[in-house]
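Q: A single structure is presented below for examination.
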Ligand code: RP5
């Protein structure tokens with residue numbers, strides 16, 4: 001089952017199709033946990049009207065978290081957060097010029113008043129944003145809570161059963 005088959009609880013958005021290489025790691029985690037989600041390209045500077053529409057309809061469409069990935073002058077997460085009360089989880093995409101430091105600082109340094117929860121640069125950030133969104137949803141969705149607990153138990157077992165790095 002993929003997350004697209006039920007009404008989405010999480011929106012994954014990104015500034016460009018080129019961000020998918022990173023953001024696919026968020027989608028994969030949500031798929032694995034059975035969290036219904038949608039995926040869209042929404043650019044703050046190339047399609048600003050689409051961004052406003054996405055943000056202003058997010059809550060009424062049932063979205064409970066938005067994972068937003070962008071690179072460079074990465075204003076997508078902050079602009080979304082400015083236009084919706086749905087929590088925004090920002091993923092700094094690793095840029096070519098500055099290795100994602102530009103993305104990270106653009107997303108994390110929000111002035112007080114409009115928060116964006118900011119994750120690590122790149123694939124780890126995308127995966128952790130999805131895990132965080134699942135944790136936010138877990139209180140109200142027992143099946144997500146169970147999937148998250150099972151994922152963490154498997155992860156622990158994997159480390160414990162492969163604890164000799166020479167093998
Ligand atoms: C940002 O510019 C996107 O989030 C992307 O990370 C970056 C480069 O976009 P492309 O030139 O690859 O479309 O808006």
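The values are calculated or read from the model by the stated rules, or taken from the named source; none is laboratory data. Because the structure is a prediction, the values reported are computed rather than measured. Virtual Cβ from ideal backbone geometry, glycine too; neighbours counted across all protein chains shown.
Q: Please enumerate the residues belonging to segment 68-91 that are more than 13 Å from the ligand (Cβ to nearest atom), surrounded by 22 or more Cβ atoms within 10 Å (Cβ to Cβ) and closer than 22 Å to residue 6 by Cβ.
A: Residues satisfying the conditions are 88, 89.
Q: Scanning segment 113-157 for residues that are exposed (fewer than 11 other Cβ atoms within 10 Å of the Cβ) and either in a loop (DSSP other than H, G, I, E, B) or at pLDDT below 95 (or both), which turns out farthest from the chain's Cα centre (by Cα)?
A: 113
Q: Do we have residue 40 as within 28 Å of residue 147 (Cα to Cα) and in contact with a helix residue (DSSP H, G or I) (Cβ under 8 Å, 6 or more places away or on another chain) here?
A: yes
Q: I'd like to check something: does segment 81-88 contain any residue that is modelled with pLDDT of 95 or more, in contact with a strand residue (DSSP E or B) (Cβ under 9 Å, 6 or more places away or on another chain) and under 18 Å from residue 123 (Cα atoms)?
A: Yes: segment 81-88 contains one or more residues that are modelled with pLDDT of 95 or more, in contact with a strand residue (DSSP E or B) (Cβ under 9 Å, 6 or more places away or on another chain) and under 18 Å from residue 123 (Cα atoms).
Q: Within the bounds of segment 42-62, is there any residue that is surrounded by 18 or more Cβ atoms within 10 Å (Cβ to Cβ) and at positive phi?
A: no
Q: Let me ask something else. Condition first: within 11 Å of the ligand (Cβ to nearest atom) and touching a strand residue (DSSP E or B) at 6+ places or on another chain (Cβ under 6 Å). Now tell me which residues in segment 97-128 satisfy that.
A: Selection gives 100, 103, 107.
Q: For segment 19-37, name all the residues that are surrounded by fewer than 19 Cβ atoms within 10 Å (Cβ to Cβ) and touching a residue at least 24 places away in the same chain (Cβ under 8 Å).
A: 24, 28, 31, 32, 34
Q: Looking at this structure, is residue 65 within 16 Å of the ligand (Cβ to nearest atom), closer than 15 Å to residue 118 by Cα, at pLDDT 95 or above and touching a helix residue (DSSP H, G or I) at 6+ places or on another chain (Cβ under 9 Å)?
A: No.
Q: (1) touching a residue at least 40 places away in the same chain (Cβ under 8 Å); (2) under 15 Å from residue 14 (Cβ atoms): which one isn't true of residue 62, the others all being true?
A: Tallying (1) touching a residue at least 40 places away in the same chain (Cβ under 8 Å); (2) under 15 Å from residue 14 (Cβ atoms), residue 62 fails exactly one: (2).
Q: May I ask you to verify whether residue 94 is at pLDDT 95 or above, away from the ligand (no atom under 14 Å from the Cβ) and surrounded by fewer than 24 Cβ atoms within 10 Å (Cβ to Cβ)?
A: Spelling it out, it is not the case that residue 94 is at pLDDT 95 or above, away from the ligand (no atom under 14 Å from the Cβ) and surrounded by fewer than 24 Cβ atoms within 10 Å (Cβ to Cβ).
Q: If you scan segment 55-67, which residues turn out to be out of contact with any strand residue (DSSP E or B) (no Cβ under 9 Å at 6 or more places or on another chain) and closer than 10 Å to residue 80 by Cα?
A: Hit for segment 55-67 is 56, nothing else.
Q: Right, something else. Out of segment 36-54, which residues are in contact with a strand residue (DSSP E or B) (Cβ under 8 Å, 6 or more places away or on another chain) and more than 13 Å from the ligand (Cβ to nearest atom)?
A: The answer is 36, 37, 38, 39, 54.
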